[in-house]
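Worksheet for the structure shown next.
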Amino acid sequence: MDRIFVFVLFSCCFFASQIKCQEAILHVSSGTEYREYCIIHNHSWTPLPQKLDDATPYPLVDLTSFLLCNESGVSPDVVKDRAVVVMRGDCDFSQKAITAMKLGAKALLIASNTTLVTPSANDSMYGKVKIPLALMRLRDIREARKLFKEGMEGKLYSPPYSRIDPSIFVILLIAVITVTLGGYWSGKCEQNNLNNSTSRGGGGGESKADGGELFLYSPLKVVIFVGLMCGMLVLMYYFYSVLVYVIIAIFCLASASALFSCFDAVLDKIGCGTFNFTVKERSFSVRSILLAAVCITIAVIWGVYRNEERWIWILQDILGIAFCLNFLKTISLSNFKICVILLSLLLVYDVFFVFITPFFTKNGVSIMVQVALGPDASGGKAHGSGVEIPAEPQAPSEKLPVVMRVPWFSAWAQNLCWMQFSILGYGDIIVPGLLVAYCSRFDVWVGSSKKIYFISSCAAYMLGLMLTFAVMLLSGMGQPALLYLVPFTLITSAIVAGCRGEMKQFWTGTPYEVLDSSREPLLPERRNGQCVEGETC
């Protein structure tokens with residue numbers, strides 16, 4: 001019963017959130033073959049049906065050699081009861097539509113070789129036009145004429161789309177799984193370190209150095225780290241065209257290495273053996289060589305085809321997941337105090353560069369958004385109550401590989417015009433993920449069999465991310481996710497530690513002070529009741 005209630009509630013929210021958009025579809029067919037093209041219309045004109053089955057088929061006539069500002073040169077027999085495509089220019093849209101009505105046309109499409117904009121007119125003219133009117137790309141009607149020759153049939157329809165697109169849930173799933181796996185991996189590494197330390201009969205001071213982990217343990221270093229991030233973001237804003245290629249190259253190398261690390265760990269987990277061979281007294285692993293080849297190939301493919309919007313997002317997300325997982329496994333925060341300092345500073349950093357910087361930039365766009373999405377963020381854009389769609393293919397703009405991207409699934413009409421994506425920055429995964437990883441390691445330190453810190457922090461992250469998306473949908477604008485994720489995860493972890501009476505230990509963290517080259521005991525190790533010189537037992 002509960003499942004039925006949840007399903008009904010979700011369905012109601014989904015359909016209630018459905019809205020109309022200016023992007024619509026021209027369905028051109030001839031016999032069994034068909035093609036669909038992007039068109040731009042305005043609901044103030046004659047509205048279009050929402051479904052293809054409800055759309056009326058009309059014979060489609062290409063009259064792009066005419067502007068149709070008047071009836072001269074056009075035979076009514078050619079236009080009557082047809083959908084007519086004419087050329088844009090010389091007169092306004094309403095004049096063309098009225099002329100088409102006089103000639104007996106049932107629909108008017110205006111072809112453009114310049115930017116497509118939402119067709120508009122004076123309010124008094126909307127009621128006078130009784131036929132559907134829309135703009136389309138000139139190259140599209142030429143392509144359709146070449147494909148179908150004569151006998152084209154056209155249907156115009158405008159499917160609504162929902163703000164609650166399924167891509168949001170995919171992004172949510174990717175983020176939660178990545179943070180959970182990253183925290184779990186970090187905890188398992190810590191458990192292995194402790195086990196190895198115990199088997200050697202000594203302190204664990206060397207185990208983490210052997211594991212290649214890097215610690216953030218000094219508040220001063222955390223402040224310097226955040227300051228460097230601010231400086232790098234500002235440099236990216238002013239020197240984007242140069243630094244973007246540096247970041248792309250670094251991402252290819254780092255993500256290939258991270259993907260190798262992830263795959264290698266999975267193969268070790270499932271017990272996949274290795275075959276070693278020796279060349280000139282050097283030992284090589286066949287598994288490692290093949291795995292490295294696969295990972296490098298994936299990174300190179302992404303690097304070469306990184307601007308292919310339709311499918312390259314899959315590889316970018318795979319590389320991004322591996323990058324985030326390896327980061328969470330490699331970078332460790334030594335105690336909760338460092339977690340609070342780092343996450344709080346990055347929260348201020350995120351809010352400042354998203355909400356405050358638009359007051360200082362020339363175009364009123366935040367530095368964070370400008371850098372994350374690139375100077376030319378997409379092939380189409382919204383402005384006020386309308387849209388702008390390029391009429392001709394544009395050179396792809398370089399984008400930083402710093403976000404998870406999933407295309408909208410429900411907005412088919414918009415995807416025909418320009419690809420839209422749900423995105424989430426790597427920082428919104430890594431930053432709270434560092435706290436989750438610390439909680440996972442702390443569970444190991446205190447011997448928590450139920451992994452209470454790890455599970456509660458993962459749940460807090462999921463709830464914070466859900467709140468982020470909810471606010472985004474309600475406000476209709478992007479949100480700095482750390483504004484919600486940081487308080488959710490920090491407060492939840494602190495409450496769990498307080499309820500368990502472990503806040504002091506949780507705040508100070510590991511009993512080892514992490515140094516640049518090794519770790520020295522910050523607190524005395526347990527020596528089974530034995531004392532050392534100068535110490536009171």
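Being β-branched (Val, Ile, Thr), modelled with pLDDT of 75 or more and within 26 Å of Gln316 (Cβ to Cβ) is the filter here, so list the residues in the range 358-389 that pass it.
Val365, Ile367, Val369, Val371, Ile389
For the subset of the range 289-305 comprising residues that are within 23 Å of Gln394 (Cβ to Cβ) and touching a helix residue (DSSP H, G or I) at 6+ places or on another chain (Cβ under 6 Å), which member is surrounded by the most Cβ atoms within 10 Å (Cβ to Cβ)?
Trp302
Pairs only if they're at least six apart or on different chains, beta carbon under 6 angstrom, first in the range 427-438 and buried (at least 24 other Cβ atoms within 10 Å of the Cβ), second not in a helix (DSSP H, G or I); list them, first residue then second.
Pairs found: Asp428/Ala481; Leu434/Leu333; Tyr438/Leu333.
Considering (1) closer than 17 Å to Gly154 by Cβ; (2) not in a loop (DSSP other than H, G, I, E, B), say which one Asp81 fails and leave the rest.
Status for Asp81: all satisfied but (2).
Quick one: Phe442 ticks every box in (1) of a type in the set (A, V, I, L, M, F, W, C); (2) buried (at least 18 other Cβ atoms within 10 Å of the Cβ); (3) touching a Pro at 6+ places or on another chain (Cβ under 9 Å) bar one, so which box is it?
Every condition holds for Phe442 apart from (3).
Can you spot a residue in the range 404-423 that is touching an Asp or Glu at 6+ places or on another chain (Cβ under 7 Å), aromatic (Phe, Trp, Tyr) and in contact (Cβ under 8 Å) with a residue 40 or more places away in the chain?
yes
Mind counting the residues in the range 32-77 that are of a type in the set (A, V, I, L, M), more than 19 Å from Val117 (Cβ to Cβ) and at pLDDT 85 or above?
Final tally of qualifying residues: 5.
Give the residue that is modelled with the lowest pLDDT, with candidates limited to residues of the range 390-438 that are part of a loop (DSSP other than H, G, I, E, B) and among the aliphatic types (A, V, I, L, M).
Ranking the candidates gives Ala411 first.
Given the conditions (1) of a type outside the set (A, V, I, L, M); (2) surrounded by 18 or more Cβ atoms within 10 Å (Cβ to Cβ); (3) not in a helix (DSSP H, G or I), and given that Gly478 satisfies all but one, which numbered condition is not satisfied?
(2)
Only one of these conditions is not met by Ser344: (1) under 21 Å from Gln191 (Cα atoms); (2) surrounded by fewer than 18 Cβ atoms within 10 Å (Cβ to Cβ); (3) in the same structural domain as Ile174 (by TED's automatic domain parsing). Which number is it?
Result: Ser344 passes all but (1).
Just give me the residues in the range 72-93 being under 20 Å from Leu60 (Cα atoms) and under 44 Å from the mean Cα position of the chain (by Cα), in sequence order.
Passing the criteria: Arg82, Ala83, Val84, Val85, Val86, Met87, Arg88, Phe93.
So which residues in the range 58-70 are part of a loop (DSSP other than H, G, I, E, B) and either of a type in the set (A, V, I, L, M, F, W, C) or surrounded by 14 or more Cβ atoms within 10 Å (Cβ to Cβ) (or both), if there are any at all?
Thr64, Phe66, Leu67, Leu68, Cys69, Asn70
Specify which of the listed residues (Gly89, Gly104) is farther than 16 Å from Leu26 by Cα and free of Cβ contacts under 8 Å to residues at least 24 places away in the same chain.
So the residue among Gly89, Gly104 that is farther than 16 Å from Leu26 by Cα and free of Cβ contacts under 8 Å to residues at least 24 places away in the same chain is Gly89.
The values are calculated or read from the model by the stated rules, or taken from the named source; none is laboratory data. None of these values were measured; they are calculated from a predicted model. Backbone-built Cβ (ideal geometry, glycine too); neighbour counts: all protein chains shown.
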